[in-house]
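Q: Have a look at this one before I ask anything.
The values are calculated or read from the model by the stated rules, or taken from the named source; none is laboratory data. Bear in mind that the values here come from a model prediction, so they are computed numbers and not experimental data. Virtual Cβ from ideal backbone geometry, glycine too; neighbours counted across all protein chains shown. Accessible surface areas use protein heavy atoms only, side chains included; no ligands, DNA or RNA. Shrake-Rupley method; radii C 1.70, N 1.55, O 1.52, S 1.80 Å.
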2 protein chains.
Amino acid sequence: MSDEARRPNTSDDETALPVVTMHRPRWGDPTTPAELPAAAAALAGSDAVADPGVDPAAVVLARPSVPDALHAALRGLLGAANVSAEHRDRIEHTRGYSTTDLLALRGGDGGDAPDLVVTPGSHDEVVRLLALCAEHRVAVVPFTGGTSVVGGLTPQRADVVGVVSVDLRRLDRLVAVDEISRTVTLQAGLRGVRAEELLRAKGFTLGHFPQSYAGAGIGGYAATRSAGQSSAGYGRFDEMVEHLVLATPRGTMELGTAPRSAAGPDLRQLVLGSEGAFGIITEVTVRIHPAPACRLFEGWRFDDFDAGAAALRRLAQDGPMPTVLRLSDEVETAINLADPDELGAAAGGCLAVVGHEGVAAEVDRRRDATAEVLHAAGGRCVGPGPGEAWRTGRFRAPYLRDPLLDAGVLVETLETVTYWSRLTEVKGAVTAAVTAALTAMDTEPLVMCHVSHVYAAGASLYFTVVCPQARNPIDQWAAAKTAANTAIRASGASITHHHGVGRDHRDAYHDEIGDLALEALRAVKQTLDPDGICNPGILL
Amino acid sequence: MSDEARRPNTSDDETALPVVTMHRPRWGDPTTPAELPAAAAALAGSDAVADPGVDPAAVVLARPSVPDALHAALRGLLGAANVSAEHRDRIEHTRGYSTTDLLALRGGDGGDAPDLVVTPGSHDEVVRLLALCAEHRVAVVPFTGGTSVVGGLTPQRADVVGVVSVDLRRLDRLVAVDEISRTVTLQAGLRGVRAEELLRAKGFTLGHFPQSYAGAGIGGYAATRSAGQSSAGYGRFDEMVEHLVLATPRGTMELGTAPRSAAGPDLRQLVLGSEGAFGIITEVTVRIHPAPACRLFEGWRFDDFDAGAAALRRLAQDGPMPTVLRLSDEVETAINLADPDELGAAAGGCLAVVGHEGVAAEVDRRRDATAEVLHAAGGRCVGPGPGEAWRTGRFRAPYLRDPLLDAGVLVETLETVTYWSRLTEVKGAVTAAVTAALTAMDTEPLVMCHVSHVYAAGASLYFTVVCPQARNPIDQWAAAKTAANTAIRASGASITHHHGVGRDHRDAYHDEIGDLALEALRAVKQTLDPDGICNPGILL
């Protein structure tokens, strides 16, 4: 392997991005230009008129419905500066970043805004504010990065008198590093970018880079079972968690005594993925890794998706496992790599991105061993160009959605996970269902798909759907999404690989786990949150 | 690496042992001689008189206390041949294989015998028998191999009118293999040895070899979070489970849709480790691996335990990970390897066993890469002798306990797991506590310890305690065990790494998870088992 392909991993990499202040409804750093590439602009059609929607400052919000006594008690507990009913704060905590969420706020709909936004400064304050809100039957929504794309920040108001958004941004400390055990204890309000920056200064990495990296926070990673783009190498977030602290209306639960144990059910795995329904995660202890000195990202070309998937499966089952391993299908390969220079003579087929990080010798060894497997599986290496192009652009995709929506293009993603033996069938079923649903509305879509995460027994499928907006794009997407969910469940796959359940997947989730399991979860919720104020309507 | 050290893994290995019919209270195949080695016999002292205890056939059992109506209903459901109140069947399902269990039966105490032993033939029959037992408030104990060493087969009778042992031995099918996804679906009553035999015939291995391998079954592996001796390479049982089916008094729960998912809490991890308290696991789908063509087991010597532990940590954190990785402390090394030929000139210090399995090239590669790390960490390779000696003798240890007890020697094991940064402290605290407790009874013990399982963040500690029996050896061990549990919890470690909770660890377990988590688990139990008949007093 030449030294040109393997590169030093410097501190100015995207792993040390600045912490971005996002402003709803648009994604990311507002000073970063998000111009539509030519290929994407073409999708909008020539008659599209840019329409950025209603100015968020002009969105009318309902009067806060939190009882005065609670408002006063929260000010007393947290200090007046940490309890806000300001329009701007409420707007910034309204819904998440699904396309439907963006469309609603663009359309001037502020109906899901919280009544208050509070910023507690300690775990104990979170416990006490939960008890206060329970007393007044006011719902609480935990908020770290606010990047949910499944309605995870939009509780039901049916059985509560108001909604308080609990923004954990003051719980932003790296509490301790155990260099021997290679773990770090982080407060939940710490943003992922900042956590990485703090760890790099000590020579470590969390290795967790979801596409929401610019915005997301540690508590959200834990509460939603986040999976980063480097999960092949560093693991999913739910696999990294050694210990967690949960604040509930009934007090504190601390879980995790050892890396693995036979002491009963693994209760960490009951709280991970609970999406605020059992309380608020305030602190986690997670595994860390030495910051990688070097990296090597390459593109590999396969004749078709099935050939590429078979090659990925070989690596996932028999190793070696790269740090990053992804495979775009034919449609996504053609769209994303429209620039023929990037594929050289190897255009067409399906592109895989294979990335290795670590010390130089290990990167070289793994690269060579991986190449042997991929060659044997019919792959052709097309060099570091497409690998580095993906790597440097990987956090840019969410920025494209805003100008596409401006231009009248509907764009959204959805995802699932299944076993290898069903992968092709599930991919076909979901693509067909979404295509049929949107075509029936005279808005035939382009459906792209990639495998973003691999496991020994199966892999995730991540779909990007692009089509012209119908008159009511929210209803339009709802129909497509319902079709996708039905196809996913009918083919035996899981309703979500890493987006979570929220409100959008709730019914399909209940179908997935069954009545008895649902009852068991409700019994846990009833124990920890007897007044039902913890993110009501989310998950359960 | 010479071809002499690497060996073909043939089908006559211990991985294809015959299925053993065990007869309480003695362990294992009764036709296998279990003579005391000279070193062990010396521990018994010269004045020891062999006393095998009361003949189990002569142990007096209470009249079965199951209501006639239930007895008749079970015969109607399962057939008369599958419902037994015979003395022999009841004795064979009495307690497990802890030293205390053995001492009780040797002493003629049949007080924990179940009233009936039933052998259902299908999942549906298990569901229906659970409903029948709930109706009559009769406890059910799931039974696969019956090898619990923590009282997991000894439910409390306080709130029930009788106890039925549900032996799953007729649920013994390999249901299906998915060769693409590399998973197998197994019924819970299948014995581990037989599962391995069936998988080897198809070219696969489960790779799960706990020390209880001669007796244990699939359902027990799942219900107690079993960890096999090759877990470094093949994973713990709780990590292998993709899907499981749980029969409860309220019906069936099927969990696991995909390898990993963000669809809420991972409920598989709520049932794994539930030890029969929520119902009876009847089927699991678990990951499998190609049967290894070759193996290479070697001994490595380190100056002391801390040096060896640091070397194991290097492998667990930075790789490569061997298939088997263990480290005996100075005492265990000296006792187990009293034969100086086995260590050659490298006697003394601590011995690690490092084993690799797989295809030849991979075994060689991993062996060489591992050797580099171990050398750098101060290890000296002492060749395949001690590695193969451990491998071929690894299922023999439980056989030694019976002749030691015959000879008046008390021998028992206990285990824990903690983070690397606390390993030495925990080991010291437990050793000191057990030594002090037994010395105070004038029975100074020999306490040996080894690391049997390693993880990125920590490792298990497995202690073997040997001392002369006091007048009442059950009380004697109870005092030592209480001291050990207190030391384990005081040092922040988990009360069990792989033995489970059962009744023996219940109080310490509750201390470990805390009141709120305990309430949550009780709420789950109340939902699935409202009459409290599922293994009452076990775990919860």
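Q: What's the local net charge at B:Thr119, with K and R +1, D and E -1, over the other residues with C-beta under 11 Å away?
A: Its environment carries a net charge of -2.
Q: What residues of the stretch A:293-336 lie in the reach of a label at B:Ala361, counting those whose backbone N is under 12 Å from a point 7 Å from the Cα along Cα→Cβ?
A: A:320
Q: Next question, about the same structure. With every protein chain left in place, what is the accessible area per residue of the protein assembly as shown in square angstrom, probe 1.4 Å?
A: 34
Q: If amide hydrogens are placed 1.01 Å from N in the peptide plane, which non-local residues have theirs closer than 5 Å to the one on A:Ser181?
A: Here the answer is B:Ser421, since their amide H atoms fall under 5 Å of that of A:Ser181.
Q: Apply the Karplus parameterisation 6.51 cos²θ - 1.76 cosθ + 1.60, with θ equal to phi minus 60°, to every residue of the stretch B:437-451 and state each ³J(HN,Hα) to the nearest whole Hz, in sequence, with x for glycine and proline.
A: For the stretch B:437-451, the Karplus-derived couplings read 5, 6, 5, 4, 9, 6, 10, 4, x, 9, 10, 9, 8, 9, 8 Hz, x marking Gly and Pro.
Q: I've got another one for you. Of the options B:His208, B:Ala440, B:Ala134, report the single residue whose Cα projects farthest towards the positive end of the charge dipole of chain B (beta-carbon charges: Lys, Arg +1; Asp, Glu -1).
A: The residue sitting most towards the positive pole is B:Ala134.
Q: About the Cα centre, and with charges only on the beta carbon of Lys, Arg (+1) and Asp, Glu (-1), how big is the dipole of the stretch B:397-499? Nearest 20 debye, please.
A: 300
Q: If you don't mind, there's one more thing I want to ask. In the stretch B:423-532, what GluC sites (Glu not before Pro) fall in a loop by DSSP, with at most 14 other Cβ atoms inside 10 Å?
A: Counting only loop positions with at most 14 other Cβ atoms within 10 Å, none of the GluC sites (Glu not before Pro) in the stretch B:423-532 qualifies.
Q: Next up: Specify the angular offset, from 0 to 90 degrees and rounded to the nearest 10, of the alpha carbon long axis of helix B:473-490 from the longest principal axis of the alpha carbons in chain B.
A: Tilt of helix B:473-490: around 70 degrees.
Q: Give the average, rounded to an integer, of partner chain Cβ atoms located within 10 angstrom of each Cβ in B:247-258.
A: Counting other chains' Cβ atoms within 10 Å and averaging over B:247-258 gives 5.
Q: Another question, if that's okay. Could you give the length gained on full extension between A:Arg396 and A:Glu425, defined as 0.36 nm per residue of separation minus the Cα-Cα distance, in nm?
A: 7.4 nm
Q: Pairs of lysines 8 or more apart, or on different chains, with alpha carbons under 29 Å: count those in the protein assembly as shown, would you?
A: Lysine pairs meeting both conditions in the protein assembly as shown amount to 5.
Q: Go through B:Val284, B:Gly220, B:Ala232 and say which Cα lies farthest out towards the positive end of the charge dipole of the stretch B:181-290; charges sit on Cβ, +1 for Lys and Arg, -1 for Asp and Glu.
A: Comparing the listed Cα positions along the dipole, B:Ala232 ranks first.
Q: Tell me the total accessible area that A and B bury against each other, 1.4 angstrom probe, in square angstrom rounded to 100.
A: Using a 1.4 Å probe on protein heavy atoms, the buried area is about 5500 Å².
Q: Let me ask something else about it. What is the calculated FRET efficiency for B:Ala470 to B:Gln156, with r their C-beta to C-beta distance and R₀ = 30 Å, to the nearest 0.05?
A: About 0.65, to the nearest 0.05.
Q: Here's a follow-up. Over chain A, what percent of the accessible surface lies on carbon and sulfur atoms, probe 1.4 Å?
A: So the carbon and sulfur contribution to the accessible surface is 51 percent.
Q: Let me spell out the model: positive unit charges on the Cβ of Lys and Arg, negative unit charges on the Cβ of Asp and Glu, origin at the Cα centre of the protein assembly as shown. What dipole size does that give, in debye rounded to 20?
A: Computed about the Cα centre, the dipole is about 720 debye.
Q: Near the amide H of A:Phe204, under 5 Å away, which other amide H atoms are found, from residues 5 or more places off or on another chain, if H is placed in the peptide plane?
A: A:Ala291
Q: Suppose we compare each residue of the stretch A:213-245 in its chain alone and in the full protein complex with a 1.4 Å probe; which ones drop by at least 10 Å² of accessible area?
A: A:Arg225, A:Arg236, A:Glu239, A:Glu242
Q: Which residues of the stretch A:178-203 show a drop of at least 30 Å² in accessible area when all protein chains are present, compared with their chain alone (probe radius 1.4 Å, heavy atoms only, ligands and nucleic acids excluded)?
A: Listed in order, they are A:Ile180, A:Ser181, A:Arg182.
Q: Provide the packing ranking of B:349-359, B:370-380, A:401-411, i.e. peptides ordered by the mean count of other C-beta atoms within 10 Å per residue, highest first.
A: Packing order, densest peptide first, comes out as B:349-359, A:401-411, B:370-380.
Q: How much net charge surrounds A:His93 when only other residues with a Cβ under 14 Å from its Cβ are counted (Lys, Arg +1; Asp, Glu -1)?
A: Residues near A:His93 contribute -2 overall.
Q: Same structure again: Modelling each spin label as a point 7 Å along the Cα-to-Cβ direction, I'd like the A:Glu239/A:Asp511 distance in nm, to one decimal.
A: About 2.9 nm, to one decimal.
Q: Label point 7 Å out from B:Val175 along Cα-to-Cβ: which residues of the stretch A:408-439 have amide N under 19 Å?
A: Under cut-off, by backbone N: A:418-422.
Q: Helix-derived [θ] at 222 nm for chain B: sum -39500 (n - 2.57) over DSSP H runs of at least 4, divide by residue count, nearest 500?
A: -10000 deg cm²/dmol
Q: Label-point separation (nm) for B:Thr31 and A:Ala436, each offset 7 Å from Cα along Cα-to-Cβ?
A: Between B:Thr31 and A:Ala436, the simple spin-label model gives 6.1 nm.
Q: Using unit Cβ charges (K, R positive; D, E negative) and no other charged atoms, how large, in debye to the nearest 20, is the dipole of the stretch B:181-290 about its Cα centre?
A: Roughly 180 debye, rounded to the nearest 20.
Q: Give, as a single signed number, the net charge of other residues whose beta carbon lies under 10 Å from the beta carbon of A:Leu516, with Lys and Arg counted +1 and Asp and Glu -1.
A: Charge balance near A:Leu516 sits at -2.
Q: Can you work out ³J(HN,Hα) from phi for every residue in the stretch A:185-200, in order, using Karplus 6.51 cos²θ - 1.76 cosθ + 1.60 and θ = phi - 60°, giving whole Hz and x for Gly and Pro?
A: 9, 10, 6, 6, x, 5, 6, x, 4, 6, 4, 5, 4, 5, 6, 4
Q: Moving on to the next point. How about the stretch A:449-540: which trypsin sites (Lys or Arg not before Pro) there are in a DSSP loop, with at most 14 other Cβ atoms within 10 Å of their Cβ?
A: A:Arg471
Q: A follow-up question, please. Explain nothing, just compute: Karplus ³J(HN,Hα) = 6.51 cos²θ - 1.76 cosθ + 1.60, θ = phi - 60°, for every residue of the stretch A:93-104 in order, whole Hz, x for Gly and Pro.
A: Once rounded to whole Hz, the list reads 10, 9, 6, x, 10, 6, 4, 4, 4, 4, 4, 4.
Q: What are the nm distances, shortest first, from A:Ala176 to its equivalents in the other copies, labels at 7 Å along Cα→Cβ?
A: Distances between equivalent label points, in nm: 4.8.
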